[in-house]
Amino acid sequence: MIEVSSPTSTKTCVIYPFINNDVLALSPESRLEEAKGLALAINLDVVYCEAIKIKEIKPSTFFSRGVIERLLPIIVENEIKLMIFDGKLSPIQQRNLERELKIKVIDRTALILEIFGERAQTKEGSLQVELAHLTYQRSRLVRSWTHLERQRGGAGFLGGPGETQIELDRRLIDDKIVRIKKELEKVKQTRGLQRRARGKVPYPVVALVGYTNAGKSTLFNRLTQSDVMAADMLFATLDPTMRKVKLPAGTEVIFSDTVGFISDLPHELVMAFRATLEEVLAADIILHVRDVANSNHAAQRKDVLDVLESLGLSEIKHAANYFEVLNKADLLDESEYAHWQEKTLRHSRQILVSAENGDGCNKLLQAIEAQINADHINCYVSLPFSAGKIAAWLHEHTQVMNIENLEKDNIYSVRLSCEQFNRLQHMTQNLENIHIRKI
């Protein structure tokens, strides 16, 4: 139990209920601290926090009568107007808790949706958050409208009570959901076109994923020399950002910074942000940025892998294009630093870095480049002027790095995958005056 205070607006209490403490789950203290951080992220005045161990969940109010009676004087004494329940409440439980405690109650899903709604900057991000809000809100109409009913005329089985207010509101929400999904489908199509455009000059895509506040945006800024917002707060980044970078040996790639994950990430948000997260699915390299200075790094790692699995990347942790970036090395003491350094010697796909001071970042870029080049071939292709179709194919399907114009032909310096190289050889095997040489 902790009491905290901050000079902001609505006086709020944060309550985290727990039954069992799973080995890989966040500890109750850490989970409570995280929930407090979520509340502070939208400038709530958190005056009271408590992790409450319960024996069983009550269907009507979640908490037992004893817990409710103990919380009531705390709420009155601290003039609390809002309770953040760090878990999932059914609509009935939420309504009954509000009646018993005489304050507004929101659960973890509603809180995260509130943060996302405040932080989304682009049209796409706003649409995704609105869709998640409406999906969540639709299931909770019972809280406000169960007592209302509209009448409409009619005869026979059409007569009597007509469309209730809850049905009307649900229909209005459904109409909004359909409209937003159509707009997001256009966004998805645009993203698909952008990916295909990048495929014509196929820069490999490197996607950064990780638990919220693991340092993804700070690392992104360090690697790309950018100035994307990076702050010590949960969900500082919502809208995806992409930057082109030249790696140490000259290979050009596109880095993509994505939204952070969190334990119990609302299903509505995972589905709403699927269009954005498709950038991860299409990435050539996935960098899982971990905050190894955080005592809950193992639980956070599991949460991120669970979300990736829900997106269809169930075996990603064993894939050759998956790297774990062990960030915040600057916050480790000597023994912790030695421990993680030893781990990276045993696991080539784990790299210890500090996004803050740049330590290890060059090694990370080299590892990315080595992995990309392991799957690609650089070669010279000598084409006569008459081989226009082959030249067009090179421009569309490979990375053309240079063209040298000679008297009778052009020499293309290209970078392509092993599959594309075999395809090129097959296309040109019966054509004269075409020469291919690996670099």
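Nothing in this text is a laboratory measurement; each read-out follows from the coordinates by a stated rule. Since the model is a prediction, treat every value here as computed from it, not as a measurement. Every residue, glycine as well, gets a Cβ built from its backbone with ideal geometry; the counts of neighbours run over all protein chains shown.
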Kirkwood hydrodynamic radius of the range 375-438 from all distinct Cα pairs, in Å? 11.6 Å
Whole-Hz Karplus ³J(HN,Hα) for the range 346-354, in order, using 6.51 cos²θ - 1.76 cosθ + 1.60 and θ = phi - 60°, x for Gly and Pro? 8, 10, 5, 9, 10, 10, 7, 9, 10
Based on the inverse mean of 1/r over its pairs of different Cα atoms, what is the Kirkwood hydrodynamic radius of the range 331-439, in Å? 16.9 Å
Taking θ as phi - 60°, what are the ³J(HN,Hα) couplings along the range 171-178 by the Karplus curve (6.51, -1.76, 1.60), each to the nearest whole Hz, with x for Gly and Pro? 5, 4, 5, 4, 4, 5, 4, 4
Under a point spin-label approximation (7 Å from Cα along Cα-to-Cβ), what is the VAL178-ASP359 distance to one decimal in nm? 5.8 nm
Going by a ≥ b ≥ c, the root eigenvalues of the Cα gyration tensor, does the range 11-108 fall in the rounded group (a/c under 1.5), the prolate group (a/b larger than b/c) or the oblate group? oblate
At R0 = 45 Å the Cβ-Cβ FRET efficiency linking LEU345 and HIS426, nearest 0.05, sits at 0.60
For the range 53-67, Karplus-derived ³J(HN,Hα) couplings (6.51, -1.76, 1.60; θ = phi - 60°; whole Hz; x for glycine and proline) come out as 7, 10, 7, 8, 8, 7, x, 8, 10, 6, 8, 6, 4, x, 5
Do any chymotrypsin sites (Phe, Trp or Tyr not before Pro) in the range 315-415 lie in a DSSP loop with no more than 13 other beta carbon atoms within 10 Å, and if so, which? PHE385
Which of the GluC sites (Glu not before Pro) found in the range 321-425 are loop residues per DSSP with 13 or fewer other Cβ atoms within 10 Å of their Cβ? GLU407
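Suppose the chain between LEU281 and GLU419 were pulled fully straight at 0.36 nm per residue; how much longer would it get relative to their current alpha carbon spacing?
Contour length minus Cα-Cα distance gives 47.7 nm.
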Taking amide H atoms as placed 1.01 Å from N in the peptide plane, list the residues 5 or more away in sequence, or in a different chain, whose amide H sits under 5 Å from that of MET401. SER413, VAL414, ARG415
DSSP beta bridges in the range 11-108 [antiparallel fraction, %, rounded to 5]: 5 percent
